[in-house]
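Report on the structure given below.
Each value in this text was obtained by applying a stated rule to the coordinates, not by laboratory testing. Predicted model, so just to flag it, every value in this text is computed and none were measured. Cβ placement follows ideal geometry from the backbone for every residue including glycine, while neighbour counts extend to all protein chains displayed.
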């Protein structure tokens, strides 16, 4: 993760700008005064930098919840603040003013790009967890008339594939660094031709974190066009057995199981597993249903003039049918303004985000939650807690 170690953090006057980066505000954790958050905007990317203070040295790094890609936005913002505030840098893992591969950024889209107006194409394929990108890039080159959407939460993998897209001059790939389980909830019904889930993390000790689940399969079938396919590929015996049973538990299903099949492209990990004589399993589920259109026009706006005691809400959890909302951390921006870090939505796939709360304004930061039914129910619960 991009960061620098500094002798001592120094605060400047906000808002301010330096070296192409806008710094809007700073907020302090009310329970842990050694933590602060700084709002930064690089071009059209808005995110938070985190300050962690200690007795010997301080740390300036990217906040995990709002972290953006490509990384050069974060690196440039950290460098800009350090230069502007005159910080004494003890250690840095940043490249100075990293500006390379800017042309690759067009392939990486924020979640709002898909939520506001989902891209249309004659044929759309989605790959969940593309990792090194070998399969995604292969399919994009082999099928130039197909729009390929790759989803991956591992930032280094996103950076690697973005560079390859630029080098290979591919214009039929869109990338998203987001939770695929949430993403599928607002993909239009009956749109996608193929969904690939290749070598997902087995999560043997935390099976609730697995991508394949009844909910994920249901959403995938809704997104798939008639005769579209959901294709799982795994080297894990446990994951294969679990997934097979999950497919069998469907009321009605049409799927094919194959073992050690050659699909025309092999990643370095699959090469390694084959040398180890590990079996590779494929399960291909075919959709035969036409699904109803989804509702995603939820209103996530707030009223003004909240009347809740915000400090009393800090650390609290509020449950409702199918979901919850949890006030994780509370930050003071100034005398009357708050920055609240929340987790909300469904229990098995919560969303983490912030809310900026002022007397005359309240809004999610940096973007609204995903337009899902459960997130909207969480939003209504939050409004009830804030406004009564």
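Some observations on this one:
- Residue 241 vs. criteria within 25 Å of residue 217 (Cα to Cα), more than 26 Å from the chain's Cα centre (by Cα) and outside any strand (DSSP E or B): yes
- Here residue 319 clears all of (1) in contact with a helix residue (DSSP H, G or I) (Cβ under 7 Å, 6 or more places away or on another chain); (2) closer than 30 Å to residue 243 by Cβ except the condition numbered (1).
- Matching residues, the range 183-211, being without any contact (Cβ under 8 Å) to a residue 60 or more places away in the chain and either closer than 24 Å to residue 140 by Cα or in a strand (DSSP E or B) (or both): 184
- Scanning the range 102-134 for residues that are under 14 Å from the mean Cα position of the chain (by Cα) and loosely packed, with under 13 Cβ neighbours inside 10 Å gives a single hit, 112.
- Boolean, residue 261 is within 27 Å of residue 132 (Cβ to Cβ) and without any contact (Cβ under 8 Å) to a residue 24 or more places away in the chain: yes
- Selection within the range 313-337 - within 12 Å of residue 357 (Cβ to Cβ) and surrounded by 21 or more Cβ atoms within 10 Å (Cβ to Cβ): 327, 331
- Any pair with Cβ under 8 angstrom, 6 or more apart, that starts in the range 243-255 at a residue that is in contact (Cβ under 8 Å) with a residue 12 or more places away in the chain and ends at one that is part of a loop (DSSP other than H, G, I, E, B): 243/212; 246/212; 246/213; 247/253; 254/288
- Matching strands (runs of 3 or more DSSP E) fully within the range 309-373 where at least 1 residues are closer than 30 Å to residue 188 by Cα and under 22 Å from the mean Cα position of the chain (by Cα): 323-332, 338-345, 351-357, 362-365
- Residue list for the range 212-235, filter: assigned to a strand (DSSP E or B) and in contact (Cβ under 8 Å) with a residue 60 or more places away in the chain: 224, 225, 226, 227
- Checked against (1) buried (at least 16 other Cβ atoms within 10 Å of the Cβ); (2) in contact (Cβ under 8 Å) with a residue 60 or more places away in the chain; (3) in a helix (DSSP H, G or I), residue 73 passes all but a single condition, namely (2).
- Within the range 135-173, considering residues that are part of a strand (DSSP E or B) and in contact with a helix residue (DSSP H, G or I) (Cβ under 6 Å, 6 or more places away or on another chain), the one surrounded by the most Cβ atoms within 10 Å (Cβ to Cβ): 150
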